[in-house]
Amino acid sequence: MSETGNRLRKLLESPNFEPQNYVKQLSQQSDGDRDLQEHRQKIQNLADETAQNLKKNVYKNYRQFIETAKEISYLESEMYQLSHILTEQKSIMESITQALLSTDKDETSKEMQAAFPKETEELKQRTLTSLLEKVEGAKTIMDTPGRHLVYNGDLVEFDVDNMSPIQKVHAFLMNDCLLIATWLPNRRGTVKYKYNALYDLESFAVVNVKDNPPMKDMFKILMFPDSRIFQAENSKVKKEWLEILDETKKSKVTKERHKKEEVVPTSPVRAEVSTNPFDEDEPVDAQEGVDLSLEWIQELPEDLDVCIAQRDFEGAVDLLDKLNGYLKDQPVTQKVKELRLTVEERVRQLTEVLVFELSPDRSLRGGPKATRRAVSQLIRLGQSTKACELFLKNRAAAVQTAIRQLRIEGATLLYIHKLCNIFFTSLLETAKEFQMDFAENTGCYSAFVVWSKSAMRMFVDAFTKQVFDSKESLSTAAECVKVAKEHCQQLTEIGLDLTFTLQSLLVKDIKAALQNYNDIIMEATKHRNSEEMWRRMNLMTPEALAKLKDEMCSCGIGSFEQYTGDDCWVNLSYTIVAFTKQMMSFLEEGLKLYFPELHMVLLESLREIILVAVQHVDYSLRCEQDPEKKAFILQNASFLHDTVLPVVERRFEEGVGKPAKQLQDLRKSTRPVRVNPESTTSMV
């Protein structure tokens, strides 16, 4: 390196180097841009040279770095093994101590107190004092006699839903519970933590969380109905937590079992045998015959907690069935009663979770099949009635939500098609799922029938609001009712016929619609009658005449051809033709709406409409003096009597299935006759 380069390096490496002053000075001393470019190149060369030297140093010491890292890894492994050995030794010592205490508890206690009275008391006092000094609000926790600290350490709590860190906590594991304390941001003296939660060792389960970078070194605490996730400092600390938690929980179970065994008298003296034949106490031999020391029975409460927390409902019910099968033929001893009480609490928790799964507050997507899992497990638990009730409530909420979400847009008939498709398809799927889930519980079928009727009321409310309350035309209402009837018939394929229920719920609105349309036709007929001139119709064009012929043919009047004259003339009045078309349309729409409860309503409406037209013709015959007009009126009367009324009677009988006697009597009583052969005719 040149002398200039050395001076530049020393200048840049000096502790008092100020870049701004250096640049300012350099700018003042430079003659122009060329000097600045040369100086810049020198600094760049110096930077490149420095970078090369750094790389050489790294490569030179690279082997030393690798060897050091290996030594650190070996040391960490040895420390972990040493920690594990110490933990095992501690566990062995505790097991030995517990065994000695269980065999000769009183004697050992006296010896320990006699040998180390001061040290034992001081150790317990130090543990209590240490905990009380560190945790705010933990004084009452230490009131329980015999409670002592087993393990403690810092953890980070994460959110269960989005796995984001929530807060830093300090956990204190004691011989019968787990205390979670949060860090205080503003410490006061020796107080570092604040009480957060206290869990009994039997109330939660510990589950290892698989590492998924960057989420690692985590474990989960499951307690119904919540769960919490904590992260340890490293994998070694996590393993210690898992092992010590498991050992402490097992140790507590062992202690409680020894305490229960100590309650049983060990005296060899036999109890007096009762001679009372009605004494219900279990014999000693029977009590000793139930083996509850099996590992799966001892771990059953904890396994049930884990299954409930992990939503493994089938696994939980399988464990309960296994226990019931094992205890089925066993005598009911005191230990069995205590076990059943413990298990019944888990059954209650499991039932609450299953009930929540079926509640309408949960998501209603997925259809009836989404409820099958919870329903089947409730039935296995012997709660088929509750399962049936919750299933039907869930489906009712789903149907109601689907109807509410249906947009009211476009034509009414299009909306009714969508409404019927949604409702009856959902009802059909619900019925099929109900048959599958409750196949062996036939007593629940009556509840489904009652529910179906209530669901039909919900459908009819939406149907009526859109069809009848909005004052749609009778033809639109008839088409909508026809669509609803056709969809309702689909339910008969599973043996469910709700046609009568649908009709009974619609009868009031249909009756009102028929009467309303009847009034409209009568008012229109009376208005046309008031303007009647009794003239032949001139349709002006052959196309119009052909169209009228097609309309009359579609109404069932095939003999209309004989009433047409030359060119585009029709030998009937406009009033009679319009009346015929309107009445036949009313009859067709009425037959679409027909069911037995509406028989007399439809029949009376037709009779009233026909009577208005007949009375008008009769009145015109009596009042008209012109012979030609009288002949034309009589021709219109004959058309009504001999052509229109028979078609009405025949079509009504085809649609209803029985003859309309009232219409027949009306036709007989209104036949046109000639009163005076010379000039006067009338309808009797």
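The values are calculated or read from the model by the stated rules, or taken from the named source; none is laboratory data. Since the structure is predicted, the reported quantities are computational estimates derived from the model, not experimental observations. Note that we place each Cβ from the backbone using ideal geometry, even for glycine, and neighbour counts take in every protein chain shown. All accessible areas refer to the heavy atoms of the entire protein, side chains included, with ligands and DNA or RNA removed. Shrake-Rupley method; radii C 1.70, N 1.55, O 1.52, S 1.80 Å.
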Can you work out the Karplus-derived ³J(HN,Hα) for every residue in the stretch 29-44? Use 6.51 cos²θ - 1.76 cosθ + 1.60 with θ = phi - 60°, whole Hz, and x for glycine or proline. 7, 7, 7, x, 5, 5, 4, 5, 5, 5, 5, 5, 5, 5, 5, 5
J(HN,Hα) series, the stretch 445-457, from Karplus relation 6.51 cos²θ - 1.76 cosθ + 1.60, nearest Hz, glycine and proline x: 5, 4, 5, 5, 5, 4, 5, 4, 5, 5, 5, 5, 4
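Sequence gap at least 6, Cα distance under 8 Å: using those rules, report the relative contact order of the chain to the nearest whole percent. Walk me through the numbers before you get to the answer.
Details: 604 pairs, mean separation 39.1, N = 684.
Once normalised by length, the contact order is 6 percent.
Using a Förster distance of 51 Å, how high is the FRET efficiency between residue 186 and residue 293, based on the Cβ-Cβ distance and rounded to 0.05?
Once the sixth-power term is evaluated, E becomes 0.45.
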Can you pull the one-decimal nm distance between simple spin-label points at residue 499 and residue 332, each 7 Å off the Cα toward Cβ? 5.4
What distance in nm separates the simple spin-label points at residue 31 and residue 432, each placed 7 Å from Cα in the Cβ direction? 9.8
Amide H neighbours of residue 381 under 5 Å, at least 5 residues apart or on other chains, H built in the peptide plane: list them. none
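In deg cm²/dmol and to the nearest 500, what is the mean residue ellipticity at 222 nm of the chain if only DSSP H runs of at least 4 residues count, each as -39500 (n - 2.57), divided by the residue total? Mind showing how you got there, number by number?
Details: 23 runs with 430 residues, N = 684.
The helix contribution divided over the chain gives -21500 deg cm²/dmol.
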So which GluC sites (Glu not before Pro) in the stretch 426-464 end up in coil per DSSP with only 13 or fewer other C-beta atoms within 10 Å? 440
Rounded to the nearest 10, the angle in degrees between the Cα long axis of helix 3-13 and the longest principal axis of the Cα atoms of the chain comes to 80
So how far apart, in nm, are the two label points at residue 6 and residue 348 if each is 7 Å from Cα heading toward Cβ? 9.1
Straight distance only, please: which aspartates and glutamates reach the Cα of residue 526 with their own Cα at less than 17 Å, same-chain residues fewer than 8 apart left out? 608, 618
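Quick check: with the 1.4 Å probe, what order do 408, 297 take by accessible area, largest first? Spell out each step's value before the answer.
Values: 408 115, 297 5 Å².
Output order, biggest surface exposure first: 408, 297.
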Theoretical gain in end-to-end length, residue 453 to residue 84 [0.36 nm per residue, Cα-Cα removed]: 126.1 nm
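Counting only chymotrypsin sites (Phe, Trp or Tyr not before Pro) that sit in a DSSP loop (anything but H, G, I, E, B) with at most 12 other Cβ atoms within 10 Å, what is the longest stretch of the chain containing none of them? Before the final figure, lay out the partial values.
Details: sites that count: 17, 278.
Formally, the longest exposed-site-free interval is 279-684.
Taking only protein heavy atoms and a 1.4 Å probe, what accessible area per residue, in Å², does the chain have with all protein chains in place?
Details: 41230 Å² over 684 residues.
Heavy-atom accessible area per residue stands at 60 Å².
Among DSSP beta bridges whose residues both lie in the chain, state the antiparallel percentage, nearest 5. Working shown, then result.
On the way: 43 of 45 bridges.
Looking only at bridges with both residues in the chain, the antiparallel portion is about 95 percent.
What full-extension length gain, to one decimal in nm, is calculated for residue 413 and residue 321 as 0.36 nm per residue of separation minus the Cα-Cα distance? Please report the intermediate quantities before stating the final value.
Working: separation 92, 0.36 × 92 = 33.12 nm, distance 5.37 nm.
Here the answer is 27.7 nm.
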Quick one, which of [x] 2, 9, 12, 11, 10, 9, 8, 8, 8, 7, 6, 5, 2, 1, 0, 0; [y] 3, 14, 22, 22, 17, 11, 6, 3, 2, 1, 0, 0; [z] 3, 14, 24, 27, 20, 10, 2, 0 is the actual P(r) over Cα pairs in 10 Å bins from 0, in percent calculated for this model? [x]
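Using 1/(1 + (r/R0)^6) with R0 = 45 angstrom and r between the beta carbons of residue 70 and residue 314, what's the FRET efficiency to the nearest 0.05? Walk me through the intermediate numbers first.
On the way: r = 49 Å, r/R0 = 1.10.
The pair residue 70/residue 314 has a calculated efficiency of 0.35.
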Label-zone membership for the stretch 6-28, site residue 44, 7 angstrom Cα→C-beta point, backbone N under 16 Å: none
To test your reading of the geometry: what angle, between 0 and 90 degrees and rounded to tens, separates the Cα axis of helix 313-327 from the longest principal axis of the chain? 70
Under 5 Å, built H, 5+ apart or other chain: amide partners of residue 177: 201
Expressed in nm to one decimal, what extension gain is obtained for the pair residue 600 and residue 567 from 0.36 nm per residue of sequence separation less their Cα-Cα distance? 7.5 nm
Listed residues 20, 443, 431: farthest to the positive end of the dipole of the chain (Cβ charges): 20
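Can you give the charge dipole size of the chain about its Cα centre, rounded to the nearest 20 debye, using +1 on the beta carbon of Lys and Arg and -1 on the beta carbon of Asp and Glu? Kindly include the intermediate steps, with their values, before the conclusion.
Details: 90 positive and 106 negative charges, 408 e Å.
With Lys and Arg at +1 and Asp and Glu at -1, about 1960 debye.
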Taking H placed 1.01 Å from N in the peptide plane, check which residues at least 5 places from residue 166 or on another chain put their amide H under 5 Å from its amide H. 157, 158, 159
Between residue 406 and residue 162, the FRET efficiency computed from the C-beta separation at R0 = 35 Å comes out, to the nearest 0.05, as 0.55
J(HN,Hα) series, the stretch 216-222, from Karplus relation 6.51 cos²θ - 1.76 cosθ + 1.60, nearest Hz, glycine and proline x: 8, 6, 10, 9, 10, 10, 9
Kirkwood Rh over alpha-carbon pairs of the stretch 386-502, then Stokes-Einstein at 25 °C and 0.890 mPa s: what D in µm² s⁻¹, rounded to an integer? 165
